[in-house]
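What follows is calculated from the coordinates using simple rules that are stated; it is not laboratory data. Bear in mind that the values here come from a model prediction, so they are computed numbers and not experimental data. Cβ atoms come from the backbone with ideal geometry, glycine included; neighbour counts cover every protein chain shown.
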């Protein structure tokens, strides 16, 4: 292996190893967590269950990450060049070749990750009382996801590669615009076509809760198209709620598990938090930041794809366009080490603003109580390590959120 490939491989493994070290650090932080976690609201029994859950998840995640990392390195530095030439030998044309090239890789990646997914679902999640998945439902979801992802990927890949073929000098700009338009289109399409393939959405049947939510939305100045309950309990005992959609498709979606475990006041506090995101235009701000970064990434990718730089860095002789894209993917995964903490810092700021809004709208106590219950219901880590939070958390730690809510009370 030459100096270029060796340097890339070492950077890739250093990034992965740093992530594993952070996970271990985070686990140790939870093991040292005092009994008065979450302002004394979390029982010792639940804290012990959280430790057991995080410990098993951490070990398994590190193991699966190690295997994935070595498989990725073996493919890029051992088989990519042969695979690239094999696809080219099929003589399918540029766009069909690209679709075949990446679909096969996608299916191979799915084949590698599926055993890990099965163990997580029917092993870890079952053992800790979360998974309600049956083998039949898992298989149905798997087939639907596979067909759906292959279909959407083929459409996106065909569109993007058409831009490359039609305008070799401007594909970075046209491709970025195409992916942006497709993303916005999916925001409108998903609630009506994709999400109902996996879950059943029904109106919230508790009239008192519906009235409280409608009153809450009116106070927030938000016009909601629908307040729906999702049958999450068919698959998981985890609890959640979310505010989704843009324009005429805005809707509030509540997990049926959340409706079962939270009081109406607590559920409204969670929804007030989601409304705070809408009032703060956090989704639009996040999209704007993401798309600005994507535009820069498209342009840098375009420049890197020119000439023989990527081939030299990865030790490839005359790599094709698709092989170069794979190399770019590895480079961007390394660059994500620096980008992800910035995006997470912005996200945590938005979460604090949404918490503040919820406290003003519904009261700090209801929001605090909801946060504690959500932490207990999901066996979340109440004492994450600050460095792990910096690199991985899109939300502030629950203890910090509770402290800030108390200060505003």
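A Förster radius of 56 Å, combined with the Cβ-Cβ distance separating residue 201 from residue 304, puts the computed FRET efficiency at roughly 0.85. Relative to the longest principal axis of the C-alpha atoms of the chain, give the angle of the C-alpha long axis of helix 207-220, reported between 0 and 90° and rounded to the nearest 10°. The answer is roughly 70 degrees. Between the alpha-carbon centers of the stretch 315-346 and the stretch 205-226, tell me the distance in whole angstrom. Taking the Cα centre of each part, the stretch 315-346 and the stretch 205-226 sit 44 Å apart.
By the beta-carbon count within 10 Å of each Cβ, the least crowded to most crowded order of 351, 202, 407, 291, fewest first, is 407, 202, 291, 351. Only DSSP H runs of four or more residues enter the estimate; each adds -39500 (n - 2.57), and after division by the residues of the chain the mean residue ellipticity at 222 nm equals -24000 deg cm²/dmol.
The C-alpha atoms of the chain define a longest principal axis, and helix 282-305 lies at about 10 degrees to it. Label sites at residue 210 and residue 333, each approximated as a point 7 angstrom past Cα along Cα to Cβ, lie 4.8 nm apart. With respect to the chain, whose longest principal axis is taken over its alpha-carbon atoms, helix 44-74 is tilted by about 10°. The Cα center of the stretch 140-170 and the Cα center of the stretch 83-116 differ in position by 12 Å. Computed from the C-beta positions of residue 105 and residue 342, the FRET efficiency with R₀ = 22 Å rounds to 0.15.
Using 0.36 nm per residue and subtracting the Cα-Cα separation, the extra length available between residue 218 and residue 119 on full extension is 31.2 nm. Peptides 91-101, 319-329 ranked from most to least packed by the mean count of surrounding Cβ atoms within 10 Å: 319-329, 91-101. Both the radius of gyration and Dmax for the stretch 201-261 are 11.7, 34 Å, in that order, over alpha-carbon atoms.
The simple spin-label model puts a point 7 Å past each Cα toward its Cβ; for residue 181 and residue 112 those points are separated by 3.4 nm.
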